[in-house]
Structure formats: structure tokens, C-alpha cells
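The values are calculated or read from the model by the stated rules, or taken from the named source; none is laboratory data. It should be emphasised that the depicted structure is a prediction, and the values quoted were computed from it without experimental measurement. Here Cβ is always computed from backbone atoms with ideal geometry, including for glycine, and neighbour counts include all displayed protein chains.
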Amino acid sequence: MEGPRPYGRSAPGCKREVPAGDGPYAAAMGTKRTPYVCLPCRGSYKQGYDHGPERKCPRCGAPMIGVGSAFQPPRRRDDEAWRVLSVLLHAGVRFHTRGCCGEGSGYRPRTLAEVKARVAYARRTGEPLAKALVRPVV
Ligand SMILES: [Zn+2]
């Protein structure tokens, strides 16, 4: 006998099995645009998959980082948010959607205090930083 499925939260009628806007399926469709970030400019730009593998910032020409379709850019003047984001991106954390119906990327720290707690946790336990950083609780 089968119990209820652990992830049965899809909206009625939703038949998607892949995250919207990410991955090879979106690339095959060719029309999806996904956010890229330039940390020095604090800029976020949506680009399609047809722009080639490397994205350059339209303002400064630096290589941009693909952040995932659930990404919400902080305000340009929000120093702390951009520092937090910089730590996350350098650790390899991205903002890809987990489900099909806009569930978002899951927990991401938003303050430097939250980041510090997770960095300390990673040091203490030996857990990879990218994994410790997305823990809701440490
Ligand atoms: Zn730039």
C-alpha cells in the first residue's frame, strides 16, 4: 500500500516535471530567460540561453554569474545583501527553483550574521560550505 507522496504540492493541472526556466529542457525550448548577476556593478540581467555559454556584463564587461530563475536581486544600495550574495555565489550556491510551480529556491541566508553562523557550522562539522549555507537552521 502506498502512502501519500511527500511532494504532492503541485498546483492542480500542473504537468511539469522540470524546474521552469532552468536546465537543459529550458535550453531546448530556446525562449527562456534566466537571471545573471554582475557583482561589481550590483546588476542583474536576464538573458536567454542563445547568448552563448559566457555572459558578459553589459555595463563593465566582466563575466557574469548565472544565479537561477528564483533569484530576486537585492536593492543596489543594500550593501549587506550584496555581500551576503557574493559569499553565496562564490561558495557555489545558486537560486534554482526546486519545484514546478514557483516554490522558489528554498532557504537562503539574507544577513551577514546568518552567513557567519553557517560558515561556523561548516567549519565545526566539516560540511561543505555550499550545503551549510542553505541550511534553514544551524
Ligand atoms: Zn558589471
> Among the residues of the range 54-82, which ones are away from the ligand (no atom under 14 Å from the Cβ), under 19 Å from Ser105 (Cα atoms) and not in a loop (DSSP other than H, G, I, E, B)?
Replying inline: Gly66, Ala81
> In this structure, is Cys14 of a type in the set (A, V, I, L, M, F, W, C), over 25 Å from Ala132 (Cα atoms), outside any helix (DSSP H, G or I) and at pLDDT 80 or above?
Replying inline: no
> Pick from the range 32-46 the residues that are away from the ligand (no atom under 11 Å from the Cβ) and buried (at least 17 other Cβ atoms within 10 Å of the Cβ): which of them is nearest to Leu85 (Cα to Cα)?
Replying inline: Pro35
> Being assigned to a loop (DSSP other than H, G, I, E, B) and in contact with a Phe, Trp or Tyr (Cβ under 6 Å, 6 or more places away or on another chain), is that true of even one residue in the range 121-131?
Replying inline: no
